[in-house]
Amino acid sequence: MGSHLQELLLIGGDLVPAASGLQADLVDPATGEIWAAVAAGGVEDIDRAVQVADQARASWRKVNSHDRTRILLNLANLIRAQGEALAQLESRNVGKPIREAREEVGLAADCFEYYAGAINKIGGQTIPVAAAGISMTLREPVGVCGLIAPWNFPIAITAWKVAPALAMGNTIVLKPASQTPLTALRLGELALQAGVPAGVFNVIPGVGNVAGAALASHPLVRKVSFTGSTEIGSAVMKLAAEDIKRITLELGGKSANLVFVDADLDKAVLKALWSVLGNAGQDCCARSRLLLERPLYEEFLYRLSHEFKKLKIGLPLQEETEIGALISLAHRDRVQHYIELGKQEGATLVCGGMIPSQDEFRGGAFLQPTLFADVDPNMKIAQEEIFGPVLCAIPFDTEEEAIAIANQSLYGLSGSIWTRDMGRALRVARAIETGVLSINTGHSVHLEAPFGGVKRSGLGRELGLAVLDHYSELKSIFIAE
Ligand code: NAP
């Protein structure tokens, strides 16, 4: 993995340089070294890719359901066959622990299998209208889909978009995040090997406000699916509004983890930790606000801080690493800024907050997992998405207060409730304004279930069968008797 990679754009089945000839360097988050150069797609490249994808529409939509299923299953198999290489590439590119990267590559393969299986089971309806004849609906592809991905879970989130888009017969131009384009490019190449025709799936790495904006505003793009920050999501929505593109937005979060006194504390402590520190906290679903019922507040924090201190920070490719590097030094600066802000706002720093001092971490974007106690729900650290390994603990006295604090957020993506009282669990689950929620676990993302946010966390749903509505148009046809 020491060699300097040279990466190109994937347009119409060919790997090509950017029209401008420009390249962007990739920095290894764990060492600070430049280890790859990637062609930087611009407006001209996006236009070429969209034109190619537009021309490929007619033939891809005609591929019958059996053959399309086969092709997506082939792709899933190729991802598994290349699993270790993909995981190592992802781990190094994002700085994430290799164990997490392996899991995500596996999820990407699962995703192609799931949507391969859906292809011949999802169709239209016949409808009993008040006229002599038959009304029926056809489910048709939307057309060229512009997919814009973030850097935190590159291959998994890309698969969430590409698999249902292809399953429904659409063609694709994918713009990965500038910092993490590598597995997206590999996926595009594997798709060709799997039998996806050239031009159906194009990959254009490039700078967001150039390539991403060109994609979101291109007149031949019929649908945009964006995952990233709320701020950029809002800008993308404005671009897409110009010609009424379909749009799905998966945006930021500041999710709450509510622990009531009757919770299973052993489980709740460990899950409270992993539901914020997975991927070093760079997770839209991170339960970064920990709401603890007052009688268990002290004990919970004592046990949690003990677990925080045991975590193994390490180089991403080492098997035993639990917390890898953040995506970049600039992002670590941003997270550290929030840690300083938390101290100034009067929160109690229980543990962490420092850059680890060992030699092996020099040059990399490492940061100790950080636990704040006595956080007031109005503090900025309790309101803004930090997107790093920082957990804010907030005490509460009543169920009503817990719900009010949980809902005191511009976001509404995820969350957890810990209690053995199922009546309370359901009552609170109904009252929390969020798109997904888990009870007595820290995990609420399942391939088979809809995923997405309310409020400023997004628009539309990914995953499950629900996403297929966002990648198809219903056409009504009436046949008179
Ligand atoms: P980001 O800065 O919003 O970027 C997301 C993508 O948009 C990148 O590919 C970026 O390209 C591109 N982009 C930037 N400016 C653009 C523009 N003007 N027009 C079109 N595209 C543009 O987000 P990020 O930092 O990569 O990811 C972190 C954020 O994503 C967090 O807020 C997190 O909560 C959110 N997220 C949400 C979910 C979810 O499912 N709800 C999942 C994962 C992450 P560049 O890389 O070149 O900037």
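Things worth noting here:
- Taking the criterion of being free of Cβ contacts under 8 Å to residues at least 24 places away in the same chain and either within 21 Å of PHE387 (Cα to Cα) or among the charged types (D, E, K, R) (or both), the residues of the range 281-334 that qualify are GLU298, LYS310, LYS312, GLU320, ALA330, ASP333.
- Flag if LEU147 is out of contact with any helix residue (DSSP H, G or I) (no Cβ under 6 Å at 6 or more places or on another chain), in contact (Cβ under 8 Å) with a residue 12 or more places away in the chain and under 19 Å from ALA108 (Cα atoms): no
So that you can scan it fast, the table gives a plain yes or no per residue for (1) touching a residue at least 12 places away in the same chain (Cβ under 8 Å); (2) within 24 Å of VAL261 (Cα to Cα); (3) not aromatic (Phe, Trp, Tyr):
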site: GLN336; (1), (2), (3): yes, no, yes
site: LYS343; (1), (2), (3): no, no, yes
site: ALA347; (1), (2), (3): yes, yes, yes
site: GLY353; (1), (2), (3): yes, no, yes
site: GLU360; (1), (2), (3): yes, no, yes
site: ASP376; (1), (2), (3): yes, yes, yes
site: ALA393; (1), (2), (3): yes, yes, yes
site: ASP397; (1), (2), (3): yes, yes, yes
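- Qualifying positions in the range 218-235 - out of contact with any Pro (no Cβ under 8 Å at 6 or more places or on another chain), closer than 19 Å to ALA165 by Cα and buried (at least 20 other Cβ atoms within 10 Å of the Cβ): HIS218, VAL221, ARG222, LYS223, VAL224, SER225, PHE226
- When each of ASP243, ASP264 is tested for being acidic (Asp, Glu) and within 20 Å of GLU399 (Cβ to Cβ), the lone residue that passes is ASP264.
So that you can scan it fast, the table gives a plain yes or no per residue for (1) in the same structural domain as GLY133 (by TED's automatic domain parsing); (2) of a type outside the set (Lys, Arg); (3) at pLDDT below 95:
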position: ASP397; (1), (2), (3): no, yes, no
position: ALA402; (1), (2), (3): no, yes, no
position: LEU410; (1), (2), (3): no, yes, no
position: ARG420; (1), (2), (3): no, no, no
position: GLU462; (1), (2), (3): yes, yes, no
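- Flag if GLU320 is among the acidic types (Asp, Glu), over 26 Å from SER416 (Cα atoms) and not assigned by TED's automatic domain parsing to the domain that holds GLU90: yes
- Residue satisfying all of: in the range 196-240; more than 14 Å from ASP47 (Cβ to Cβ), part of a helix (DSSP H, G or I) and small (Gly, Ala, Ser); nearest to the ligand (Cβ to nearest atom) among these: GLY208
- The helices (runs of 4 or more DSSP H) found wholly in the range 67-173 and carrying at least 1 residues that are under 18 Å from the mean Cα position of the chain (by Cα) and surrounded by fewer than 20 Cβ atoms within 10 Å (Cβ to Cβ) occupy 98-118.
The values are calculated or read from the model by the stated rules, or taken from the named source; none is laboratory data. Treat the numbers as computed from the prediction; the structure is a model and nothing was measured. FYI the Cβ positions are ideal-geometry reconstructions off the backbone, even for glycines, and counts take in every protein chain you see.
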